[in-house]
Amino acid sequence: MFYYIEGVISLIDGSVAVVDCGGVGYAVNTTANSLSRVRMGGKSRFYICPVIREGTFDLYGFATQEEKRCFELLTGVSGVGAKAAQAILSANTPESLSLAVLSGNEKALTAAPGIGKKIAQRVILELKDKFSGAAADTGFGSPGAFAPAAASGGDKLSDAAAALGVLGYGANEIAAALKGLDIQTLSVEDIVRQGLKKMMK
């Protein structure tokens, strides 16, 4: 099955990017966040989630593996299909989605077109345990996990570590990524974003 598709962007039509791979054009459904990273005529890579249902075979693709993981988590929620997950991830980055679920922020989810309060509540309810479990698996869920940090930054670090744990990173990777960041002046989302940048180098 597809893992990723890489090629030249030959067409962008709404939320679909057509990727030309050796003369074959693949129609990839994607998010606003992923589309913001591509340009017509440029070479791009999409990490693929195939969605097969009732005789249709659609490709959903994402610029990052973190966004793909969030899509898979969202479509695992009862009543959330591929289009709803795509809408949520167009209105939220992977890091902001993780933080929204961990903090129970319904407004961040209902900001997506077609996502009502009931679906937002279901997403939070069904994913919160998974997200908390992922955070605990990193080893940063305990109160003393960031003891060396300043007291005012400790909660930010724990929240950022939890969000990175949700995105599939292990304890050692997270510790290395968060080391040396200016916790006092950055928001949690910025800490996560900078941590991700460090891990991608």
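The values are calculated or read from the model by the stated rules, or taken from the named source; none is laboratory data. The model shown is predicted, which means the values in this text are computed figures rather than measured ones. Glycine also receives a Cβ, built like all others from the backbone with ideal geometry; neighbour counts cover every protein chain displayed. Please note that ligands, DNA and RNA were not included when accessible areas were found on the heavy atoms of the full protein model with its side chains. Shrake-Rupley method; radii C 1.70, N 1.55, O 1.52, S 1.80 Å.
Per-structure values
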quantity	calculated
Any hit, the stretch 34-55, residues being open to solvent by less than 20 Å² (accessible area, probe 1.4 Å), polar (S, T, N, Q) and over 19 Å from ALA87 (Cβ atoms)	yes
Sole residue being of a type in the set (A, V, I, L, M), open to solvent by 20 Å² or more (accessible area, probe 1.4 Å) and farther than 24 Å from ASP155 by Cβ, chosen from ILE119, ILE115	ILE119
Contacts under 8 angstrom Cβ, first residue in the stretch 1-19 being of a type in the set (A, V, I, L, M), partner loosely packed, with under 14 Cβ neighbours inside 10 Å and outside any strand (DSSP E or B), 6 or more apart	VAL8/GLY41; VAL8/GLY42; ILE9/ARG39; ILE9/MET40; ILE9/GLY41; ILE9/GLY42; LEU11/MET40; ILE12/MET40
Hey, SER15 open to solvent by less than 70 Å² (accessible area, probe 1.4 Å) and on the phi < 0 side of the Ramachandran plot or not	yes
Scan of the stretch 56-74 for residues that are open to solvent by 10 Å² or more (accessible area, probe 1.4 Å), under 21 Å from GLU126 (Cα atoms) and in contact (Cβ under 8 Å) with a residue 24 or more places away in the chain, ordered by number	GLU66, ARG69, LEU73
